[in-house]
Amino acid sequence: MQKTLIALSVFVALSSTSLAAEISKNADVVVVGGGAAGLPAAVQAAEKGAKVILVEKNPYLGGGANAAEGLFGVESKWQRGKSIGLTREECFNYLMEHSHYKADPALTKKFVWGSAENLDWLASHGMKFEPIQMTPYDAPTWHVVGEYKGQEHGAAYIKLLADVAKEKGVEILVGTPAKELLKDGNKVVGVKAKDSKGNDVIIHSKATIISTGGFGNSPEKVQKWLGWNPDVFKASVPLNKTGDGIEMAWRAGSEKTPMTLMLHTGVEGKGISFPGAIYCMSWQPFNLWVNNEGERFTNEANAFTCV
């Protein structure tokens, strides 16, 4: 009986392997990553008449955006409606000073100057916003996302854009991580991915957009790429952000530039949940920050941020 079970197991394993196949698809645009950046990219491409395929390695869309609250914006119509007078120039200058002028000024300017237009585009698809000032120290740039089909904030953002993408004909493949970029000479001509059944999914495309996020869930890359101690600088939630898209781009010949991570550190310990009250105390205002000897070591207003 035992020999029969072993033989059957081997047969099933070999059969499963033999069933794996290569699936070929064609698209005008392939988007790698179905989060806060990938979904609007897919929708915009589809609205311009492109045939779009989006691949996402997680079995769900959204990634960390599902836990977000809202979006940055300056000189938006929602701010004007509340007589908020913050200008793009003021915000840009603050961001550059706050980063000690390490931020790329050209990219920062695009980020700031395009923020209101981004919100307008999202609103044209039914997204609701409410500008708020999170703390007395914060500039009122935060636009909280309103309810959509029972979802709030970031989850509403993802749900709405996913629905729009499907309406526009975007083919969405979840549980399908991209493995490498396909090249013809020096030109990227598509993506090789692998689905949940082990099939190789070859997507030939005219354009490829990588929007896979960061690498905070890879202790090895946090150590290697940043020189940070991954036991201290670590992600709060296992979102499978392991820098796959960055590595694919590098292998395809993309330029390597300085990198960093934006982290929300929180209190850890037994019974402390993300993002529970105790967890959030370490990065919320109106707290005293002390060292291991109970001595206050900084002005807590340093946590002020324009974004």
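The values are calculated or read from the model by the stated rules, or taken from the named source; none is laboratory data. Please read these numbers as outputs of a predicted model, since none were measured by experiment. Positions of Cβ are generated from backbone atoms using ideal geometry, with glycine treated the same way; all protein chains shown enter the neighbour counts. Remember, those area values only see protein heavy atoms, side chains included, never the ligands or the DNA or RNA. Shrake-Rupley method; radii C 1.70, N 1.55, O 1.52, S 1.80 Å.
Values as computed for the structure displayed
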| read-out | value |
| --- | --- |
| Accessible heavy-atom area order of K51, K57, highest first, probe of 1.4 Å | K51, K57 |
| Estimated distance in nm for a label pair at K166 and D184, the labels positioned 7 Å out from Cα along Cα-to-Cβ | 3.4 |
| Computed [θ] at 222 nm, helices only, for the chain once each DSSP H run of length n ≥ 4 contributes -39500 (n - 2.57) | -9000 deg cm²/dmol |
| Rg and Dmax [Cα atoms of the chain; Å; Rg one decimal, Dmax integer] | 22.5, 80 |
| Gaussian network model of the chain, Cα within-10 Å springs - most flexible of E97, E295, E69 | E295 |
| Rel. contact order, % - alpha carbon contacts under 8 angstrom, at least six apart, the chain | 21 |
| Accessible-area value, V174, 1.4 Å probe, nucleic acids and ligands omitted, Å² | 60 |
| Accessible area in the full protein assembly, largest first, 1.4 Å probe, for F129, F92 | F92, F129 |
| Sequence-distant aspartates and glutamates (8 or more away, or on other chains) whose Cα lies within less than 13 Å of K192 | E22, E56, E180, D200, D244 |
| Selected from S196, S76, S273 as most flexible by GNM, with the chain as the system and alpha-carbon contacts under 10 Å | S273 |
| Listed residues A162, A103, A207, most fluctuating in the chain (Gaussian network, C-alpha, under 10 Å) | A103 |
| Probe 1.4 Å, all protein chains present, accessible-area order of Y101, Y148, Y279, largest first | Y101, Y148, Y279 |
| Number of Lys pairs (Cα under 27 Å; 8 or more positions apart or on different chains) in segment 194-258 | 17 |
| Computed accessible area, S83, all protein chains, 1.4 angstrom probe, square angstrom | 100 |
| Net charge, A155 excluded, C-beta distance under 13 Å - Lys, Arg +1, Asp, Glu -1 | -2 |
